[in-house]
1. According to the Cα gyration tensor, what semi-axes, each the square root of 5 times an eigenvalue, does the equivalent ellipsoid of region B:171-254 have, listed from largest to smallest in whole Å?
2. Gap in Å between the Cα centre of region D:15-71 and the Cα centre of region C:26-66?
3. How many Å³ per residue does the convex hull of the Cα positions in the protein assembly as shown occupy?
4. Rounded to a whole number, what is D in µm²/s for region B:1-49 from Stokes-Einstein with the Kirkwood radius over alpha-carbon pairs (20 °C, 1.002 mPa s)?
5. Kindly put C:Phe22, B:Phe114 in sequence by how many other C-beta atoms sit within 10 Å of each C-beta, fewest to most.
6. What net charge do the residues around D:Ala90 carry, taking every other residue with its C-beta under 11 Å from that of D:Ala90, with Lys and Arg at +1 and Asp and Glu at -1?
7. State the dimensionless ratio Rg/Rh of region A:146-217 (Rg: radius of gyration of Cα atoms; Rh: Kirkwood radius).
8. Amide H to amide H under 5 Å from A:His177: which residues, 5+ apart in sequence or cross-chain, H placed 1.01 Å off N in plane?
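All of the numbers you see were taken from the coordinates with simple rules; none came from a lab. Just so it is clear, the model here is predicted, and its values are computed rather than measured. So basically every Cβ, Gly included, is an ideal-geometry build from the backbone, and we count neighbours across all protein chains shown.
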There are 4 protein chains.
Amino acid sequence: MKPVCLVIGAGAGIGGTVGKRFAQEGYHSVLCRRTDENGLNRLVADIERDGGSASGFLLNAVKPDTLEEQVAAVEADIGPIEVVVFNLGAQVGNRSLKETTYKTFEMGWRMATFGLFRVASAVCPLMEERGSGTILVTSATAAMRGNKGQHSHAAAMGGRRMLCQSLNAEFGPKGIHVAHILIDGSVDAPDTLGKMLGPERFKELRETRGMEHDGLIMPAKVAETYFHIAQQHRSAWTHELDLRAFTDLPWWNH
Amino acid sequence: MKPVCLVIGAGAGIGGTVGKRFAQEGYHSVLCRRTDENGLNRLVADIERDGGSASGFLLNAVKPDTLEEQVAAVEADIGPIEVVVFNLGAQVGNRSLKETTYKTFEMGWRMATFGLFRVASAVCPLMEERGSGTILVTSATAAMRGNKGQHSHAAAMGGRRMLCQSLNAEFGPKGIHVAHILIDGSVDAPDTLGKMLGPERFKELRETRGMEHDGLIMPAKVAETYFHIAQQHRSAWTHELDLRAFTDLPWWNH
Amino acid sequence: MKPVCLVIGAGAGIGGTVGKRFAQEGYHSVLCRRTDENGLNRLVADIERDGGSASGFLLNAVKPDTLEEQVAAVEADIGPIEVVVFNLGAQVGNRSLKETTYKTFEMGWRMATFGLFRVASAVCPLMEERGSGTILVTSATAAMRGNKGQHSHAAAMGGRRMLCQSLNAEFGPKGIHVAHILIDGSVDAPDTLGKMLGPERFKELRETRGMEHDGLIMPAKVAETYFHIAQQHRSAWTHELDLRAFTDLPWWNH
Amino acid sequence: MKPVCLVIGAGAGIGGTVGKRFAQEGYHSVLCRRTDENGLNRLVADIERDGGSASGFLLNAVKPDTLEEQVAAVEADIGPIEVVVFNLGAQVGNRSLKETTYKTFEMGWRMATFGLFRVASAVCPLMEERGSGTILVTSATAAMRGNKGQHSHAAAMGGRRMLCQSLNAEFGPKGIHVAHILIDGSVDAPDTLGKMLGPERFKELRETRGMEHDGLIMPAKVAETYFHIAQQHRSAWTHELDLRAFTDLPWWNH
């Protein structure tokens, strides 16, 4: 039976591409996303065409029980989850405090912080019993510092980073590898950056900074590092690392 | 008219003592806490006996509209809020992931993260219009790193720290001083440490580490620094600082 | 006998002004700087005119034995050093790696890192014997992150920050308060910023950002916080804090 | 012609093992260390027996011109240096301030900080001209915080971390990948840990925590991650990551 890689937030950026990468290496990838059934089916079909195996599910991560039931269903129907890729973001663009509604602020937390807590609550006991498992959490610059306009995003990601550390503190010694992967720059992803910028500006950005310029983070390259982290031997685990395009200013410089 | 210092979380530890300190310096302190009306009344009476002025309110910070209405009522009935001391904690002791319920996790966020967001949403527009104001946020080690058993607390405080930074980024240049004050050690406070340890162990700890040993953080000494931060000239503001007893190991050492 | 405050790096900016502030509060300030005997004498005369007491010494901090002999002479001739303000900087402006000579790089370390180690080696045993003392270290943004062109400065200040932590770890519990004070912005100081910019640009900057705009850090305001830190009770010590003008972007934002 | 991997500090721990790993992947590894010519020859012979290619040099990194001449000689005689592994440590065990001589403190800086500056000064212009290159810097917990007894080590490593950031800031956009790799725990290495503990205690530690317990960091596993970092595509580079055994407490917890 193939080991299972469960991706929460499997859009056409980091999530889907990481799922594809694990499938190439012999995992069965379970791809979960909120919308775009067609995109999801295409992703599964792509993986299968390349000889891999995958399943796709639509799932609303802020609704009660969805994440928990998904974990249970995968364990019952597909197999033990060896790797979780938690890839839900909560970026809503820059908004002043006045423009940040209570609902937006709470939604950021529900997606990015509470969502991870729920998945971890469901999956950690199973991994603990098996004595192994990996939880790879996609993070953002906002986990490291709160920039102007990032009230909701920074609060959600900052909470999530600390949660990754407390999960690591409890479950690392039990054989569960928790990694907090800081994506510190713009990702060449139609589902997130593309939607935020609109098709024209996204096309222009790709032509001037992305593509052969390598100035946008390429999901396929990120996926190499996710896979590497998941394969690290337990005598040499990474908990936190950053990833950015070579031309990008790290978050600590200005 | 006296300037107003609004304390959210005014127990018999840092919150109440800081309120007392500002009252000594000519502020009218508005003390808000969830329970213990007698304690609250005693605190107000203490302040008045020393020639200061204060008001006390019971307030449940996780209920809708309570914080917002409190801010509005103070502005309408007492005077413009010059200083907010946000002193709500969310420490529930060490609990494994299994022992940390969804309710506990959410309550941590509602108190420590969303609570600050709500207060800031209510008070920042007023301070912005006046071109000045100060928000002092009591923080804890869990804002800096997630220790074992601290899932709820660390996620809440880590989110809060990033929120303090994004508030500072938006409102600093508008004259509002936001400070994140890291209490990195045990505080000699009956309402928090005392309740967590129980009366006997608290008494013993005070006798062996606290009192003349100065190994427990004394609220009255903390209050000196809160007051200093609130008086800093806007050409030299502190956003973050730590406070600990001289015998305590800083969070970064072990 | 007055307590002694020894200032290493007492130019017409933070160092001299902090010395003046401590003298106002009853300390005898010992002001040491490398050059400008006239400026030094003026500073001492200023302090004395205000009713304070001070001494001035020219001292080359990178030469062997100078710092050690100064500490010994002050202890022998003036009195026990209660507070050290270590204010030597090593900013040489932005220089590419190619433009940063070995000599520059080493000089940065000799001034900013080794200088503090030497002073601490001389003064800590004395303070330890007395069971108390304070070492206030002026630091810079470069201690927190290495920006482009800051090879020498960042390496020196980053090393110094870690040294402050190891000094605190050893000597905090022995009653010696070590504080690392991050000056995160431009200081309105003729001896440093003024010299770096030249008189015209400095004048212009003061008129557009400084003075009543409060956008340059004012040494006199910084001195208030240095003095506060030195007076903190040992049950509530600060080890690290930042200071910046309200309009300045903190180092973590961009 | 094979690409060259130059290892500064190639003992029988991380340095030598990383050199071996790169040789397995088709690099010519140039192994430099201060002493133990026999060990060095054995390492080269090992690599050659496995079909790889390597050269060994004895080199005193604190003497003038040694590092610079080594870089020049490799470029002239062997080939362009594609990867530098800077693996010089400066750990001298825990020593109080009193026990830390000026010579020790300076030696730490000469090895760990100035050594990297010298190598970077020699190799960056060459890499810049070629538009690519990788500098992997082995770091230690002391780069992140100064523990008791770590005055020399922490000051040296803290300075080095900032230098890595300023090198990255200048040379990242020019195609040179600088990575700061935090080894946050004990490494199963006879040349460093073994010498510090002595043969008996080292043997005991290996039997109780190392070997099949995976509680000591294994150099061969670390080498996998070094190699991965060096192969990252420039659209997704890591600047900083940590490595520790799964049972080890991260530096931020206690």
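1. For region B:171-254, the ellipsoid semi-axes come out as 30, 13, 11 Å.
2. If you average the Cα positions of each part, the centres end up 53 Å apart.
3. Dividing the Cα hull volume of the protein assembly as shown by its residue count gives 180 Å³.
4. 205 µm²/s
5. If I rank by nearby Cβ atoms, fewest first, I get B:Phe114, C:Phe22.
6. Around D:Ala90, the charge tally is +1.
7. 1.13
8. A:Gly133, A:Thr134, A:Ile135
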